[in-house]
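Chemist: Structure provided below as structure tokens; questions to follow.
Throughout, read-outs are computed from the coordinates displayed, never taken from laboratory work. Given the structure is predicted, the values throughout are model-derived calculations rather than measurements. Using ideal geometry, Cβ is built from the backbone for each residue, glycine included, and neighbour counts are taken over all protein chains shown.
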Amino acid sequence: MPREAVSRRYLMCAPTHFRVTYSINPWMDPSKPVDLPLAQTQWEDLRDRYRALGHTVELLDPRPDLPDMVFAANGATVIDGRVLGARFAYRERYEEAGAHRAWFRANGFTEIHEPDHVNEGEGDFAVTASYVLAGRGFRSSPLSHGEAQEFFGRPVIGLDLVDPRYYHLDTALSVLDDAGDEIMYYPGAFSPGSRSVLARLFPDALIAGEADAAALGLNAVSDGRHVLLPQAATGLFDPLRARGFEPVPMDLGELLKGGGSVKCCTQELRG
Ligand code: ARG
């Protein structure tokens, strides 16, 4: 089946001040050095790849006191131009939410909701045509799901994450086609009940295996045709091609030391 790319608008933040000085997920080991120039090059490759594919990339100014700010997906969720701000679970990232809200205010967004409950933006919210899929268990509060449903007026499906390596929904599930309801995910990251929900709502989903999940292969961004994903997730390439997608392997190895990859670095500005 032929696939068509839809041009997108993304918000990214350069890894100028990226460091691993604390550990809030199992990927982060402060004793492992980060090669900052390499991280910068890898991030620029991603940014340039989006632009080469015809997408718009907006930039958020990095702050020296916020070393995880490169993971821009966590700072908000935007649907139909309406912005649900983030509220971070950990003190270390708390102030990123305000930096994002300030960016939205300065860039013409008028409907900006400052949340009551902890939610880490697109880290835990994934948007398909019919639903907002929402992760909980490690970061976002289950109460944030009701808050998101009320704000966006879309059905929010809560999903329980059970494996600390997959602490955000976007480490275990990725939307491939948001004009429909096509996703890929790693079942092992979810509770048995949540697996049944996913199987019921998405019977045709691409199911990822353990090795590709462990390479953070589900931390992918699709424009409806091109699927940018970590290059080590080689087992996903053929299944994606078989569905008419074009895998675009990216190397974000330095950012993986913070527990993030392609999707974590990319917030989509919808509408
Ligand atoms: N070090 C960051 C954290 O643990 C990584 C965030 C990754 N972002 C994502 N959308 N999964 O919060």
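Chemist: Quick one: what do you get for region 113-271 if you divide its Cα Rg by 2.2 N^0.38 Å?
Modeler: Cα Rg divided by the expected 2.2 N^0.38 Å: 0.96.
Chemist: Follow-up question, since we're still on this one. To the nearest µm²/s, what D does Stokes-Einstein give for the chain at 37 °C and 0.692 mPa s, using the Kirkwood radius over alpha carbon pairs as Rh?
Modeler: D, rounded to a whole number, is 181 µm²/s.
Chemist: Another question about this same structure. Report Rg/Rh for region 80-141, rounded to two decimals, where Rg is the Cα radius of gyration and Rh the Kirkwood radius.
Modeler: 0.97
Chemist: Turning to a different aspect of this structure: Could you tell me the relative contact order of the chain? Use alpha-carbon pairs under 8 Å, at least six residues apart, and round to a whole percent.
Modeler: 23 percent
Chemist: Can you give the helix-only mean residue ellipticity at 222 nm for the chain, where every DSSP H stretch with n ≥ 4 adds -39500 (n - 2.57) and the sum goes over all residues, rounded to the nearest 500 deg cm²/dmol?
Modeler: -6500 deg cm²/dmol
Chemist: How do His100, His17, His168, His55 line up, fewest other C-beta atoms within 10 Å first?
Modeler: Final ranking by Cβ density, sparse to dense: His17, His55, His100, His168.
Chemist: Kirkwood Rh and Cα-based Rg: tell me the resulting Rg over Rh for region 180-271, rounded to two decimals.
Modeler: On the Cα set of region 180-271, Rg over Rh gives 0.96.
Chemist: With the convex hull built on the Cα atoms of region 23-182, state its orientation-averaged projected area in nm².
Modeler: 9.9 nm²
Chemist: Write down the percent of antiparallel bridges among all DSSP beta bridges whose residues are both part of the chain, to the nearest 5.
Modeler: 45 percent
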